Amino acid sequence: MNAYGPLAGCYDLLTGDVPYAALADFYENALALPGRERMTLLDLCCGTGTLACMLAARGHELIGVDVSEEMLALAQEKAESGNFRVRPMFLCQEAAELDLYGTVEGAYCSLDALNYIPAGELGELVRRLHLFIEPGGKLAFDIQSPERLRA
């Protein structure tokens, strides 16, 4: 069991102050590629899928990956109730064991989720992201400093 499973039911309440629309704007701009209005994107550590669904509603194809089955069940509910050109797909996987069915044009990891990947797994995660992000594609993420996390 992972630490986020028990939080799934209240996660959206806990992140209610997150400016998701601004985050979607940020990641959409950070990952933009010339000549591509719509992209296939990976939401690594997607949680309950709020950001993935928001970007899918903007026309992008989304693959959300998270280790928590409980979080992904909520993400799937959001995907089933939304209106999308292509419904987001959600996969239950450890980040460092990422295994996609093909490549993506960009990937992002939001809400400082990279801070919670064990240090010994980061190298393998980066290797796998390199494998699954198309040449010329982009990776964007945010992290918190160790001082902020301690505080």
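A few notes on this one:
- Principal axis dimensions, largest first and in whole angstrom, of the chain by Cα: 42, 35, 27
- Per-selection Rg to Rh, segment 21-108 - Cα, Kirkwood hydrodynamic radius: 0.94
- Dimensions of segment 54-98 from C-alpha coordinates, computed as largest minus smallest value along each principal axis and given longest first, are 29, 18, 12 Å.
- Solvent-accessible surface (1.4 Å probe) assigned to residue 78 amounts to roughly 50 Å².
- Under 13 Å from the residue 36 label point (7 Å along Cα→beta-carbon), backbone N, segment 62-102: 62-63
- Surface per residue (accessible, 1.4 Å probe) for the chain, Å²: 55
- Shown for segment 6-144: the carbon plus sulfur share of the solvent-accessible area, taken with all protein chains present and a 1.4 angstrom probe, equals 55%.
The values are calculated or read from the model by the stated rules, or taken from the named source; none is laboratory data. Since the structure is predicted, the reported quantities are computational estimates derived from the model, not experimental observations. Note: ideal-geometry Cβ built from the backbone for every residue, glycine included; neighbour counts use all protein chains shown. Just the protein is used for accessible areas: all its heavy atoms, side chains included, with ligands, DNA and RNA removed. Shrake-Rupley method; radii C 1.70, N 1.55, O 1.52, S 1.80 Å.
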